[in-house]
Structures are given as structure tokens and as C-alpha cells.
1. Could you work out the percent of alpha carbon pairs in the range 1-71 separated by over 16 Å, rounded to a whole number?
2. Got a sec to turn the phi values of the range 45-52 into Karplus ³J(HN,Hα) couplings, 6.51 cos²θ - 1.76 cosθ + 1.60 with θ = phi - 60°, whole Hz, x for Gly and Pro?
3. GLN10 to ALA49: FRET efficiency via 1/(1 + (r/R0)^6), r the Cβ-Cβ distance, R0 22 Å, to the nearest 0.05?
4. Can you give the charge dipole size of the chain about its Cα centre, rounded to the nearest 20 debye, using +1 on the beta carbon of Lys and Arg and -1 on the beta carbon of Asp and Glu?
5. At a 1.4 Å probe radius, carbon and sulfur cover how many percent of the accessible area of the range 1-71?
6. Across the chain, how many lysine pairs, 8 or more positions apart or on different chains, have C-alpha atoms separated by under 26 Å? Please give the number.
Amino acid sequence: VLAVPVLFKQALENTDMEEGKSISLRCELTKADAAVVWKKGEATLQASAKYEMKQKGTVAELVIHNAEPEDA
């Protein structure tokens, strides 16, 4: 069986943030419920009070709470 690769239908876009607020980053994939890993540089982000990961169908979302300049 030939596996079809998961691709971005809509990739992440640069988003302005306001310090101390929450910001949401979204991307859309070609395959529903595909495994998504969020990274900052080489570091894999883990769900925490700061980072909230959501996924519904083909849309994956990362919410960064209490955004800081270091989150750029």
C-alpha cells in the first residue's frame, strides 16, 4: 500500500502579537487528524499552561498564552 504524504493546504503565516495576550497559529493539512508536532527552532513544544495544542479534522492550532517577545 502506497502511503500518501500529508501536505499543507494552508501553511502558517506570520502573525503580529501583543505582549501578555494569547495568540493563535493555525495551519490546514491535506489529511484529517494527521499527527502534528509543533516546534520552536529545534525544540518540540509540549502542552502546558503556556502552549495549548488543538486539532479538529484537517486544522491544527497552537495557542500561545501570555505571549512574550521570546515567543517570536
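The values are calculated or read from the model by the stated rules, or taken from the named source; none is laboratory data. Since the model is a prediction, treat every value here as computed from it, not as a measurement. Positions of Cβ are generated from backbone atoms using ideal geometry, with glycine treated the same way; all protein chains shown enter the neighbour counts. These area figures cover heavy atoms from the full protein model, side chains too; ligands, DNA and RNA do not enter into them. Shrake-Rupley method; radii C 1.70, N 1.55, O 1.52, S 1.80 Å.
1. Tail of the P(r) past 16 Å holds 53 percent of the pairs.
2. 3J(HN,Hα) across the range 45-52, in whole Hz: 7, 10, 4, 7, 5, 8, 10, 10.
3. About 0.20, to the nearest 0.05.
4. 420
5. 52
6. Lysine pairs meeting the criterion: 20.
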